[in-house]
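The values are calculated or read from the model by the stated rules, or taken from the named source; none is laboratory data. Every value quoted in this text rests on a predicted model; they were computed, and no experiment measured them. Every residue, glycine among them, receives a Cβ derived from its backbone with ideal geometry; neighbour counts consider all protein chains shown. Areas reflect the complete protein model, heavy atoms only, side chains present, ligands, DNA and RNA absent. Shrake-Rupley method; radii C 1.70, N 1.55, O 1.52, S 1.80 Å.
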Amino acid sequence: MSHRRLTATAALCAAGLALIPAVGHAADHGADPTFVQAPAPAGDLAAARSAALDTFESPAAKSHRVAQALPKGVVKSRVAATGQTIYVSPRDCQYGVGTGTAASPFCSVQHGVDAAQSGDTVQVEGGNLRESVTVHTSGLTILGLGNAGVFATDAQAGKPALTLDGANDVTLRNLSLVSAGAPALKVVGSARTTMDSGVANATDADAITVDGTSKDVSVTRTYAVAGRTVGDKLTGLATVRVAAGASGITLSADALVDGGVVATGVQGLAVAGNTVQRGCAPAVDLDGASTGVSLRNNLFVDSGPVENSLGNKAACLAGGQSWDPSVRVSADAAAGTTADTNTFYFQPGNDTAPYAFGGTTYPTLADVQAKTGQAVHDTVDTVAPRSTVVRGMYGGQDLALQKGSTAIGTADQSAPGQLDTDFYGTKPRTSRGAVEYLSTDPGLAIGLKITNTSARGVQAATTLVSKNSDFIGYVVDWGDGQKSYGAISPTSGRIDPHTYDKPGHYTVTVTATPNYTGDQVTNSVDITTAGSHYTAYGPTRLLDTRNGTGARLGKVGPFSTVRIKVAGQGGVPADAVAAALNVTATGTEQGGFITAYPVGKDRPGTSNVNYVAGQTVPNLTITPIGQDGEVEFYNGSRGSVDLVADITGYFTRSFSSAYTATSPGRLVDTRIGVGTAKGSVRGGGSFTVQIAGNRVGPLPASGVTAVALNVTVTGPQNSGYLTVFPDGGSTPTASNLNYSPGQTVANAVIAPVGADGKIKIYNGSWGSADVVVDVIGYYSPTGVSAYLPVTPFRWLDTRSWGHGPLKTSGDYYIYSRFGDPGDTGFVLNTTVTNTTGGGYLTVSPDPNYIDAYKNKYASWPNRPLVSTLNWNRGQTVPNLVQATPGPGGIVDFWNTGNGTTDLVVDVFGFYTV
């Protein structure tokens, strides 16, 4: 297959008029159709399709245990929840939108808590809300669903993720709080508050802080981490810091990482059943005149170089830091502190002292037991706990007890603050640390791999790691309210397919429940569907090298490129994956071509615009967006050229407007008065076209956000351009096609539709011109086809395919089967060259199946009276077409003219369900 780019060398010829179909002139074909089968692009399209389908994976090593049920006593606020439920969700809305109902949730937690009254529940749907929240209202429950999180990062950096300020009787549950430069949770002047089953993750700050005026504060079953982004030490930061004067503090069944508990002058502190993976500083550091302190049933773990590259002993000493004892109790706090039934795991060779009590460091447990009477039932473990993921993406915590650990079955269940369930909600609870030991299958794990299969389709491959060979039940939660169920064993993985109603970002979770343990293990991965929806935009000019818009002033040199920023500016979102750009070459010095492609990718062997010296040639492109949101244009010519690019819309992998193909049909023909008044459009004049509810297509009466058209100008008196834009707005600085006197020029257009359901077409010329408009499809929220851009490739070049050019006949066509059964449209760039007479090309769906052609009983396709591109003899003319296949996936290409022509077809993407 040739990948030679088209370079037009033939000058425009006056002889050989371009033809354009008119309503009322049916094709006069003979008894037998004349056709040639073009090679199906199966291999190339399959490879391009495969490259456009992503894979998302979370291996079994990242799976983790989960709570089986809501723990008792911490689900609701301590005030009776007699009020209403207020809903918050980050999905399908803009910040600040919503009314707090299930149908119209608030888009920020702050709006939810501000609207709540005592006794209400604020329910936060899974997803990340980027804000800093302050709660002043007492008696609230803030309940997260799935992976609900509040992220005070980026623009919110330096602020706590959530502050309880004078708010009593408040419960936070299953909520991830993430911050940078400030605590994840800040408790100020509040009483009887609980954070349960959550995450507090702070960078360059303490994770949780409690001020001296707060009392009766509980943090349970929570993963808290305090880390640094700069510096060479993990010291001075605490996962939980309690200020002098605070009272009644309970920390139980928590996993604390990269820091510890720091309390000064606290009046009542129960630290029970936690696992603390310390950094340079102690796991527990008590100072001031603290009283009523109980340290029981905890597992204190030294960090190793694998678990913590900054907080292990060698790194701490290398950074000029000390390696402190695991627990340090000052002289002022010693009398009011009781420590017992704790277990220590020291990294080999660390020589870590377990305690510094009353100002004295005791190198062994025997020393502290003999000289203080404390830690009588403490143990030193020789079996390291296994590292595991603890809350979704959060991991690296040594939680899972292994066989032989002295922490197994030795907890004092009557210890102050001890819960009857562990970090994951498992009962009964008899072991020390945050996680109960499960002797039946401690290595139980589950892996999850999600692969895109179509625009909205995925499949989940699930694998199980277990010492048991039994089949166990599992469920896949697709993140859209749908679930799949099955059974799995270590030797029998499972494949589950799923199709989303809307493209977008989802969290897929798999959970397995062995009947021999009653435990649960889960894994999850964030995915994005492959397909994208269209959002109409503008039209707006992004590039004009004639005046320096979007790039440096001056022509693009021979065989050189120019880049423009598309995504991440001017209202186009940073995650846009493709853009509809009308690209115009003008001021051309020699013949050549333009190729548009994403920055960061290899330039494909295709072309978008072809021109000869002195021409102004437009063409619509649907171009993938590359690195840094940029698109690159290559000038394949020995001469320089000016480039103009206007954007009319963009594609994102989120819900917006899907594509619906229509039967090609004529909306407007000013020559005969179809769709508008009969007669040429005067220079500087415009006319509207009714889109919504138009019987041609047909087009729906409402919901159409953009329409896919082929617009043709014919018989113009002077040079000029046409601009197609939504009715109701001012004429933009943009163009869709450009023409010279007497030319017939066609160009594909994706036009935004006005609020009144109309578009407007402006004739930017001093002279009049006739206009023809054909419809091929539309975009709406109710559509079903999403777009997949692919790496462009050349499918057909009749100059080298062995059958010669397209013959001269209205009855002659070539056909080819495209894609898969679910494909509804193909974005192609068609180019005619070596034209021996004037004519036009029609691209249309074929009603036959491939077997009908193979077995010679194919019916005659009806060629629609529309044109894709028009040419005069000797011209090379490109045009984009969104080709609709027939029921058998076949597309026809018709040469309707008075001469032969070569045809080149490049593939840029496809629409599929």
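Here are some notes:
- Since only THR528, GLY838, GLY684 are under comparison, the one whose Cα sits farthest along the positive direction of the charge dipole of the chain, derived from C-beta charges on Lys, Arg, Asp and Glu, is GLY838.
- Taking amide hydrogens as placed 1.01 Å from N in the peptide plane, the amide H of ALA411 sits under 5 Å from those of SER431, ARG432, each at least 5 positions away in sequence or on another chain.
- Projected onto their three principal axes, the Cα atoms of segment 441-528 cover extents of 38, 20, 17 Å, largest first.
- Measuring only protein heavy atoms, the 1.4 Å probe finds GLU589 accessible over about 100 Å².
- Measuring nothing but protein heavy atoms, the accessible surface of the chain at 1.4 Å probe radius is 50 percent carbon and sulfur.
- Alpha carbon Rg of segment 83-198, scaled by the compact-globule rule 2.2 N^0.38 Å: 0.95
- Using the Cβ-Cβ distance between ALA461 and ASP501 with R0 set to 30 Å, the FRET efficiency from 1/(1 + (r/R0)^6) comes to roughly 0.85.
- The DSSP beta bridges internal to the chain are antiparallel in roughly 65% of cases.
- Taking only alpha carbon atoms, segment 315-392 gives an Rg to Rh ratio of 1.02, where Rh is the Kirkwood radius.
- With the simple model of a label 7 Å out from the Cα in the direction of the Cβ, ILE672 to ASN350 spans 8.7 nm.
- Theoretical FRET efficiency, 1/(1+(r/R0)^6), r = Cβ-Cβ of THR134 and VAL784, R0 51 Å, to 0.05: 0.70
- Distance (nanometres) between label positions extended 7 Å along Cα→Cβ at VAL376 and LYS403: 3.3
- Read-out percent of Cα pairs over 48 Å apart, derived from the coordinates shown; its label in (1) 40; (2) 33; (3) 51: (1)
- Rounded if a/c under 1.5, otherwise prolate or oblate - segment 206-437, Cα gyration tensor axes: rounded
- Segment 652-792 - accessible surface per residue (Å², probe 1.4 Å): 34
- P(r), alpha carbons of segment 544-619 - 5 Å bins starting at zero, rounded %: 3, 12, 22, 28, 20, 10, 4, 1
- Potential extension, ALA244-ALA102 segment - 0.36 nm per residue separation minus Cα distance: 46.9 nm
- Mean residue ellipticity at 222 nm, helices only, the chain: -1000 deg cm²/dmol; runs of at least 4 DSSP H residues each add -39,500 (n - 2.57), and the sum is divided by the number of residues.
- LEU317-ARG546 pseudo-label distance in nm [points 7 Å out on the Cα-to-Cβ vector]: 7.4
- Rounded to 10°, Cα long-axis angle of helix 42-52 versus longest principal axis of the chain: 40
- Estimated FRET transfer efficiency (THR291, PHE471; beta-carbon r; R0 60 Å; 0.05): 0.65
- For the residue pairs LYS449/LYS601; LYS62/LYS427; LYS313/LYS371; LYS678/LYS758; LYS371/LYS403; LYS502/LYS758, alpha carbon separations beyond 29 Å are given by LYS371/LYS403.
- Total formal charge among the other residues, if their Cβ is under 9 angstrom from that of PHE151, Lys/Arg +1 and Asp/Glu -1: -1
- Nearest-20 debye value, the chain charge dipole, Cβ charges on Lys, Arg, Asp, Glu: 1680
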